Structures are given as structure tokens and as C-alpha cells.
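Each reported figure results from applying straightforward, stated rules to the coordinates on display, with no laboratory input. On a predicted model such as this, the values are computed, not experimentally measured, just so you know. Every residue, glycine as well, gets a Cβ built from its backbone with ideal geometry; the counts of neighbours run over all protein chains shown.
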Amino acid sequence: MKLIFLDIDGTLTEPGTNVPPESAVRAIRAAQTAGNMVFLCTGRNYAMLSPLLEYGFDGFVGSAGGYVVCGGKVLYDHPMPHGLSDEILHILHESGVHCTVEARDASYSDEDIVDFLAGVSGDGNSELVRWRRALEENLHIRPMHEYDGAPLYKVIFMCREAGQLAAARAAYEKDFNFVVQDAFSKGCVNGEMINRAFDKGRGVRMIADELGVSIEDTVGFGDSMNDWEMIETVGVGVCMANGSPALQERSDMVCPAVSEDGLARAFEQLKLI
């Protein structure tokens, strides 16, 4: 039995959408019929990943490893300490950084972020495309002033220049990994602050340990820099052809893009179906 872990945006689906190619759905079901188990492994919080659960996944690593569920059992739940998010947002906002924060059941975004994104190009950056579409289509994204104090797992940042992150890095880089997307985006530095207490790779290990499966019998598919730890952890790491050049270099193989039936073709090549 293999455990298969799939990123969503740019891997399972086109960035910012909730509908996988039919070829991917068939491949997932065929892999499960063959005795394998398939999990989502995503930076999305529960609210944003939950529409995909209708396709019959065996569990998920959500919030970039901060919320992990296997077969309906919560294995890990690690939001930020109360009050820390307010401090982080204050420093980022003082530096002119646009922010989105993620609780388990909702995300909250600065009201001016849509206008900021309107002047940004970079369709090869799956995380940026995801947020643009999510904001434009109002997919579980609420304005920041409605934030109700619910525990947060991540802070997503967008700004014009990397130097705008300097103050936040100085204050929080000891405890948070600043994952900056390396795909080209003119006029925008985007990424996310992820608690160093967790990552996607550790989420993969939690599920493998829960099921008593060797890490050598795991396969991970991703496309962006927040998939790095997953790709480094699994037995076989696969990057999509539409993915980050740096991640492609660190992966065991590169498969065709999500728009070219990449998952289905890779499942066949790896004999998962």
C-alpha cells in the first residue's frame, strides 16, 4: 500500500478552483481501488479545502501542516498562541504589507488587497493566482474588519518589495518560516508565514505513523515552495511541470502540468493504478 499526498492549487486543480480534471478523479479512485490511500496536503485551511473532500479523500494535511486529519480523526491541531496574530499584523501593516489570515473555518483579508492585486501580473505563480481568484469570487474570504478572534494558523503576505518584510523577519523569523514564492510575479512579493512547529512534511509523517506505513511508501505531488518539506519527506516526490523551478530541481520526477492530465499520467508511470 502507498500513501499518496496531493497539493491542491496548481497540482490537483487549476489554481483557485475546486474542480479537478476528470482524469485526476478517475486516477484517485483507481489508486484507492488498488489498495492505496490518497490524502490532500495543502496550504489551504479547512474551509477552503473542504469542497474537495466530496471526491473521497482518506484525510488531509491542512493549513500547511497545522491541522491534520486521518480517517476522520484529528491527529494535530496547532493554531497560533492567542494574541500573537495581532502583533504580527501590526508589524506587517506598519511596513505596508497586505495580509490575509487563516482560521480553521474562515479567512480574513485586508480590504484593499483586491486593488493591490489588480496591478500585479504573474500567472505562473499558483499561490498568487489562487488568492486572486478566491478574493474575486468571495470563496470563504471575509474582510479583515470581520475577524472575530478565532485561532489562526497562517498569515499570508503580499507586498511590493522584499524589504517590507524586514521588520517582521527580525521579530518572528525564529518562530516562523517565511515561505516566499519563487515564481515570477511582477510588482509583488508573496508568500506566507508558517509556524516552525509544523510543516507539510511533518503532517505526512503523522499520517504514515498513524497508519503504520513506512515513509518510503509515500508519494507526494506539489508545485510551489510551500510543498518543499513534503517533497523532501516522502519516498517519491513529484513536481508538476507548471511548478516552481526550484521545487522541480529537488523532486524525484517532474510530471506533466495539471492542465495536461499530469496526475493521471504520473499515477500510471508510478504504478499507483
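Quick check on packing: order 241-251, 157-167 by the mean number of other C-beta atoms within 10 Å, highest mean leading. Each step should come with its number before you reach the end.
Working: 241-251: 18.6, 157-167: 16.7.
Packing proxy ranking, top to bottom: 241-251, 157-167.
Pairing the Cα long axis of helix 84-94 with the longest principal axis of the chain, what angle in degrees results, from 0 to 90 and rounded to the nearest 10?
Taking Cα atoms only, the helix is inclined about 60 degrees.
Highest mean first, what order results for 232-239, 111-118, 217-224 on Cβ atoms within 10 Å? Provide the component values of the computation, followed by the final result.
On the way: 232-239: 22.8, 111-118: 14.0, 217-224: 26.5.
Order by mean packing, descending: 217-224, 232-239, 111-118.
Expected output is a single nm value to one decimal: the length gained when fully extending between residue 111 and residue 22, i.e. 0.36 nm times separation in residues minus the C-alpha distance. What is it?
Working: separation 89, 0.36 × 89 = 32.04 nm, distance 3.55 nm.
Gain on extension, residue 111 to residue 22, equals 28.5 nm.
Multiplying the sequence separation of residue 82 and residue 215 by 0.36 nm and subtracting their Cα-Cα distance, what value in nm do you get? Let's see the in-between values first.
Numbers: separation 133, 0.36 × 133 = 47.88 nm, distance 3.38 nm.
Full-extension gain reported as 44.5 nm.
Just list whichever of 73/200; 200/271; 154/271 have alpha carbons separated by over 27 Å in the model shown.
Details: 73/200 17 Å; 200/271 24 Å; 154/271 35 Å.
Those over the limit are 154/271.
In what sequence, highest mean first, do 64-71, 90-97 appear when ranked by Cβ atoms within 10 angstrom? Write out the running numbers ahead of the final one.
Numbers: 64-71: 24.0, 90-97: 15.4.
Answer by packing, highest mean first, reads 64-71, 90-97.
Counting other C-beta atoms within 10 Å, which of 2, 174 has the fewest, and how do the rest follow?
The most exposed by this proxy come first: 174, 2.
Can you give the FRET efficiency for residue 169 and residue 246, using 1/(1 + (r/R0)^6), R0 = 30 Å, r = Cβ-Cβ distance, to the nearest 0.05? Numbers along the way, then the final one.
Details: r = 20 Å, r/R0 = 0.65.
E between residue 169 and residue 246, to the nearest 0.05, is 0.95.
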